[in-house]
Structure formats: structure tokens, C-alpha cells
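Quick notes on the structure that follows.
Values in this text are rule-based calculations from the coordinates and carry no lab data. Being a predicted model, the structure only gives us computed values, none of them experimental. Please note: Cβ atoms are built from the backbone with ideal geometry, for glycine as well, and neighbour counts cover all protein chains shown.
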Amino acid sequence: MMPLSMAKNGEVNYIKRITGKDQIRQHLADLGFVVGECVTVVSNLGGNMIIDVKGTRIALDKNMLNRIIV
Amino acid sequence: MEIRIALAGNPNSGKTTVFNGLTGSNQYVGNWPGVTVEKKEGRLKGSKDIIIQDLPGIYSLSPYTLEEVVARNYLINEKPDAILNIVDASNLERNLYLTTQLMELGLPVVVALNMIDVVRKTGDVIDIRKLKEHLGCEVVETSAVKGEGIKEAADLAAKLAKEKKAARPGNKFSDTVEHAISQIEDLIRDLVSPDQLRWFAIKAFERDKDMLGQLNLSSEVLEKIEEVIAGCENELDDDSESIITNERYSCINRIMKSCVKKNRKPGDLTTSDKIDLIVTNRWLALPIFAAVMFIVYFVSITTVGSWVTDWTNDVLFGEIIPPAVENFLINIGCSDWLVSLIVDGIVAGVGAVLGFVPQMLVLFFFLAFLEYCGYMARIAFIMDRIFRKFGLSGKSFIPLLIGSGCGVPGVMASRTIENDRDRRMTIMTTTFIPCSAKLPIIALISGALFGGAWWVAPSAYFVGIAAIISSGIILKKTRLFSGDPAPFVMELPAYRWPSPSNVLRSMWERGWSFIKKASTIILLSTIAVWFASNFGISDGKFGMVEDLSDGFLARIGNGLAWLFTPLGWGSWQATVATLTGLVAKENIVGTLGILYGIAEVSEDGAEIWSAVASSFTPLAAYSFLVFNLLCAPCFAAVGAIRREMSNTRWTLLALGYQTTLAYVVSLCIYQLGSLFSGGAFGAGTVVSIVLVVTFLYLLFRPADIKRSLKADPIVQ
């Protein structure tokens, strides 16, 4: 178990848990970040990342990445 | 009877392209999420009674951003007759999440599998027949860019609307959840129409406050519903909203498994990903960004743009048109005042503005290219880390970039920012970036007083960016704006080659609206300026004046000029030009053109420029430039600010802040600049030193943490 922010480029991970407030969690879920989903780090720019989830690319800042536990 | 078909879908799924294709209109399209920020209407080509409505893109019907609220309220309260759900077939899984929700609204739904050409290219296969069965609605393959299938999809939607055939969700949730939902349905059955029953029941299960509010339930019923929800939550060990989300995704998983054959494995890199590895690389991202921006502005303002602009200004509006018009008018025997109005007023004023069209077209071309190819969204991502340090999120960068074309769409683009504080701050600072209408001022000052020095135009952008950054820092430390910037979550579209026709069309659209503006509002203003400056009371009689400084305009200008004397340009001409700049910033150049009797704005027209150059020192001219770049924007942009703030106090606060900042910065530039260039030490110097110190204090004082904790707890 680690926050997604610690994953490496190209690594395939599965989401185990998402923490944080309801509204943002729901927005993440709307975008495809749900427990059990597989996520891949496409690019890492000083802590902000581009994540491949359900075939789309989502850019997230470090705080958000810390909430996604893989 | 009119039939209204709403286009709904995820951001960047191609709704606006479909809309343009169906209605033959020319709405603005871009390759980044959030291009459409309000709904637009148009008539279906070749039909009288079918109205197509383009909604902002949404990810789900539980609204997160302002634009999602717009779309959801429309779909629920004003019920269109049918929904045409535009689905990006190359991102089917995520897009179907919204589809499953649209199906529950109790309206006829047609799913348009858009970008099907992209899917075919990747070798993926989608089984349409099975997809129809699973979803419980009609599915049509489309490619909006190629115009394939969209007419059929719209006709099908219209047909279903006439038959009032609501979609029947084929996807069922697990038994436990379905049981809970049917219990809630029984509780609210009498309050809603049968078509909307399932929708409201699910929303009630999710404890959606907006929707529950619309139902006006008694506390007794609410308690019963709460019991049902709590029971289900206990059984499944999750909160109700997540339960529904998971149910939807597992439905979609089943659909994907049976209908879609994918070529790509998770973790495989697409071409787009490979570009991102370079463009958003830790070391290369900023240099690439800086290079792109430098090329865009350098080419459009300093090289290609200005070669053409010089020609239009020097030759076309300098040597060809004015003498030709004058000769023509004299030949047909026009009276002197009319010749003067047309040549010195209209041709001088409007010509001074139109001369900049080529520069603008080049800038618009680059901006359109960046938007279409997908780089614009990456810029937000790249800038986020930096902007965060100044209290803004990377999303604030897109309004700024759009704002460099025109402040009005720039201000409107701020709507994609979820956090109220961030959005207001972005609106307040967007117009600091020089928009295309301010380019003429920059070109005029740099050409007339700095001999076209290379640094003037970039410095104008630098001043704009510095104003935004310092505003960000200062405002974040006040109670009104304190709090962390909103989290950055943004979908990045795949890179694609912009089609030349799209780029050229968008360039022309914006350029044309500039030309239209020059021929309407600016034309009228120049006529008004000409009259006001050429008529006045001299020798006790009303009439045309020999010397413009006897005219009415001169009087008004002289009455207000004292305001700007401390800034170094207290002449009535400069004052009047600034005032007319509020109507449209292009007017500043147009007005100076009339008042100094110049028909051209050029770098080498030394004899004509002596008039302008003699009334400005270079320092005063720079102060004039900075003031006009930063102060309250033109009325159109003020209107946009008013609309987006939807609050008069905030609007006034924004305008007041902008104008004050402009005044302070110009004052400091002029006063301190005079001091350093050997001027006397006077009261103005003291004031400006005090202001600089205050400014530095505001910039570097520690943010009051207690205050920011107390600050409004909205949206986080």
C-alpha cells in the first residue's frame, strides 16, 4: 500500500482506497478513479502526474495523488 | 410543435463539432475540456421545428463545476424532448458512465458513438447491436469531423422525441441495491412523473440535497428513506454515493466485456503518451513551453506580423488610401469639413486600428493551433506547480492564454475553475495580459518612442504576468481570497493534428470579429472623437475650431488631465485617449491618430511622430502604456466580468483593483524612473517610495493563518 504519488513512470497499479472529502472523491470517481481500477503513471512533473485510467489521461496534482492509495 | 434536442456528453467528446455540423453554425471548437461554457442553440439544417442545444461537457450528473451545474439544471428542469448523448468511442468506458445516468432521466436518448474513425484506426471493434441491447437505447456510429452519421443520429433523436419514447435503462444494479431503490420508489411514487421515478429514487438514495429539495418530502418520508439507505449501506459496507458509482462501473464493465474488443493493453504507451513523456518531462517541460510562447509572440508581433503590419500602416493606410480618398472627395466637390471628417477622422482612426489586423491574424493562427493540437491543456498541467506557489491553480492559466487573444472569452474560460475564490481571482487578473486590442498601443509606443526596440513588446507581457503573479500573492493573503488553491484534476485530450480548415476558420472568425468591431464601434467612436475635438467655442462662437486645443474634447481632457500628471502624461490628448480606450482599447491608438493628425502608425514616419514624441518622454510613454495595459478593460470585457462574477460588488471590486494597481504601478515607474534618470526628488518620489514599500510589505508579509482557517469553508 502506498500513495499513487510514489508510483513510478509506466508502473501498473490497482487502486485500493481513496481518501478525502466526499465531493472530491465523487469527482475522482466520475473520472474513473474507483477502487479496484488499474492506473498507470504516464508522466511525472515534479510531483504532478498524468495518469492513465480507463483509457483516458487525467492530470492530478500531488495532493490528489496522495489520496489515491494503490 | 418545436422539438428540442440537447447534446450532452463528456468534455471534449466533440459536442460542439456535432453542433456545428448539424446547425451549420460556426461555434468555437477546441481540443481541451471546457471549451463550451454555456449552452448554445441552433436550428437543425433543413428543418424548421428542430432545435439543437449544445451543453457544456459534463462527467456526471452529480455536479462538481459550475458548467456541470448549468448542464444538469437544464436537463432536469427544462427537460429537452430528447437527448443526443455524444460519446467519445475511443474512450468508451469512461464516457458510458454519464450515459448510464442520462438513461435514467426518463427522456428519449440516442447515443452517438463519436470519433468512430479513431477507433477503427486503432483496430478496436465495438459490437453496436449488443451495445444497443445492453444500454436499452439507440446507438449510431458517427464521426463529427468527417460529418459521418450525425444527421442520422439527430433524425433518430427527433423521431424518438415525437414518439415520446423514453429510454429504458437496460443495466440493472445488484439485487440489494435494486431492492433499496424500489423501496424508495414506492415512497415517492406519487410525487414525481413515472418517467422520472427511477432518477429521483436513485438521487434520493445518493442523498443528493438539490434533488431531495425539489421533492419537498415530509420528514416522515425522509426518515423512512434514510432507513432504507442505512440498511443498504450496512449490508454493502460503503456509503450510498460510492455504492451507486461502483454499480454503474460494474455495469459498464459487463458491457465493455461483451461489446468491445480492445487492441491496447493497460500500460501500453500511445503516440500521445510518448509526446507527453517529452513535453511534460521534468527538465524539458518549461524550456519547451517558454520556446513555444516565445515563438508565438515573437513571430506574430515582431517578425511576420509586423512586416505585414508595417506595409499596411506605412503604405496602404499611409501612402495609398488617405491621398486617394482625399483626392476623390475633393474631385467630387465635398465640403472641407466632410473631407476632414473622412480623411482625418475616419480613415485616420479606423485605419490606425485596421492596420494591425495582419499581426492579429498571425497571433490567432498560433493560438488556434495550440488549442486544436491539445497542447493548451498540457500548459495548464505544466504551469500548475508554478502557479500553485502564487496561490492560483494551473487552470487559471488557460483564461490567461485565451485572454491574450481577447479578454472576453478569456474571462468566460474561467468558468472551468471549480473553486469560487480561484475563479474570482482569475477573472480579476485575466485582463492584465495584453489582449490583441492592446497590441496596437504596444506597437505605437514601441515604434514611436523606442525606435521599435525589441524589448518593448515582450516587456508588456512581462508586466502583465508580473501583475498577475503579484496580485495572486497579495490577494491570497487577504481574507477574501485566503485558502489553498483548488485541487488540480483535469483530463488531457490526446494530441491530434489540427485540421487546416479548423485552424484557419477559427483564425478568421476571431480576426473578422476584430474587423467588425473596427467598422462599427470604433468607427462611431472615431466620428464622435473627431466631432468633439474639431468643434468647440472659440472667439465666443460655436463652430469648427482651427486649433484642436480649443475643441470640446480638449476641454474635457484638460479638466481631467491633472489626474494623470503625476504619471507623466497629463496632456489632454493622452487623457482623452485613455477614456476612449474604455469603449474599446483599439480606440486609444485611433484617438491619438486623430488628435495628432496622423493617418499612419509607423516606425520610420519620423516627421509625423514628432507630434507624439514631443508630448511624451520615453518614460512617460512607458507609464502611459503600462497604465492602459493594466487599468479597467473595455466595456465588453467589463460586461463579461459582470456576468461571470454575477455580483455587482465583486465587479466593482475587480475594476477598482485593476485601476488602482495600474495607477500605482505607472506612478512608481514614472516617479522612480525620473529620479534615476537625474530628476529632482519631490513629493511624487516620496509617495511612490512609500507605495513600493507598501507593495513589498503586502507581497512578503506572512499569510495570517488564523484568518485563512476562519475563511469561508465553501468548496474545497
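Miscellaneous remarks
- Computed Rg/Rh of segment A:4-55, alpha carbon atoms with Kirkwood Rh: 0.95
- Across the cross-link table entries B:Lys48/B:Lys79; B:Lys79/B:Lys224; B:Lys203/B:Lys389; A:Lys16/B:Lys262, which are compared at the Cα atoms, the separations over 32 Å belong to B:Lys203/B:Lys389.
- Average other protein chain Cβ within 10 Å of Cβ, residues A:20-28: 5
- Applying a DSSP loop filter and a limit of 15 other Cβ atoms within 10 Å to the trypsin sites (Lys or Arg not before Pro) in segment B:475-570 leaves B:Arg479, B:Arg496.
- Coarse-grained scattering of segment B:353-489 at q = 0.10, 0.12, 0.22 Å⁻¹, given as base-10 log I(q)/I(0) from a Debye sum over alpha-carbon atoms: -0.35, -0.50, -1.32
- Summarised in one figure, the compactness ratio Rg/Rh of chain B, Cα atoms and Kirkwood Rh, is 1.04.
- In chain A, helices alone account for a calculated mean residue ellipticity at 222 nm of -5500 deg cm²/dmol, with every DSSP H run of four or more residues adding -39,500 (n - 2.57).
- For the pair B:Ile556 and B:Leu284, a Förster radius of 45 Å applied to the C-beta separation gives a FRET efficiency near 0.25, rounded to the nearest 0.05.
- Fewest-first ranking of A:Val42, B:Val545, B:Val18, A:Val70, using other Cβ atoms within 10 Å as the exposure measure: B:Val545, A:Val70, A:Val42, B:Val18
- Gap separating the Cα centres of segment B:212-228 and segment A:1-69, nearest whole Å: 35
- With a Förster radius of 30 Å applied to the C-beta separation of B:Glu509 and B:Asn77, the computed FRET efficiency comes to 0.40.
- Listed by Cβ neighbour count within 10 Å, with the fewest neighbours leading, B:Ile243, B:Ile465 appear as B:Ile465, B:Ile243.
- Taking N as its residue count, the alpha carbon Rg of the protein assembly as shown over 2.2 N^0.38 Å: 1.07
- If only the Cβ of Lys and Arg carry +1 and only the Cβ of Asp and Glu carry -1, the dipole of segment A:4-55 around its Cα centre is close to 160 debye.
- Whole-number Å³ per residue for the convex hull built on Cα positions in segment B:246-305: 182
- In this simple spin-label model, placing a label point 7 Å from the Cα along the Cα-to-Cβ direction at both B:Met1 and B:Tyr657 gives a separation of 5.0 nm.
- Its DSSP H runs of at least 4 residues, each contributing -39,500 (n - 2.57), put the calculated 222 nm mean residue ellipticity of chain B at -18000 deg cm²/dmol, to the nearest 500.
- Residue separation of B:Tyr697 and B:Asp539 scaled by 0.36 nm, minus their Cα-Cα distance, works out to 51.4 nm of gained length.
- Considering only Cα atoms, the convex hull volume of segment B:199-281 works out to 175 Å³ per residue.
- What you get for chain B, charging only the Cβ of Lys and Arg (+1) and of Asp and Glu (-1), is a dipole of about 780 debye around the Cα centre.
- Chain B: DSSP helices with Cα axial extent of at least 27 Å and average Kyte-Doolittle hydropathy no lower than 1.0: B:456-476
- Cα-based Rg of segment B:1-159 normalised by 2.2 N^0.38 Å, two decimals: 0.94
- Under a 5 Å amide H cut-off, with hydrogens placed 1.01 Å from N, B:Glu148 pairs with B:Ser143 among residues at least 5 apart or on other chains.
- Taking a point 7 Å out from the Cα of B:Glu223 in the direction of its Cβ, the residues of segment B:175-203 whose backbone N falls within less than 18 Å of it are B:184, B:187-188.
- FRET efficiency estimate (nearest 0.05) - Cβ-Cβ, B:Thr303 to B:Glu546, R0 51 angstrom: 0.75
- Near-label residues of segment B:158-180 by backbone N, under 19 Å of a point 7 Å along Cα→Cβ of B:Lys130: B:170-172
- Legend: residue pairs B:Lys121/B:Lys257; B:Lys15/B:Lys132; B:Lys15/B:Lys209, Cα-Cα distance threshold 27 Å; pairs beyond threshold, B:Lys15/B:Lys209.
- Ascending count of other beta-carbon atoms within 10 Å, so fewest first, for B:Asp190, B:Asp127, B:Asp310: B:Asp190, B:Asp127, B:Asp310
- Student exercise, segment B:118-171 dipole from Lys, Arg, Asp, Glu Cβ charges, in Debye to nearest 20: 140
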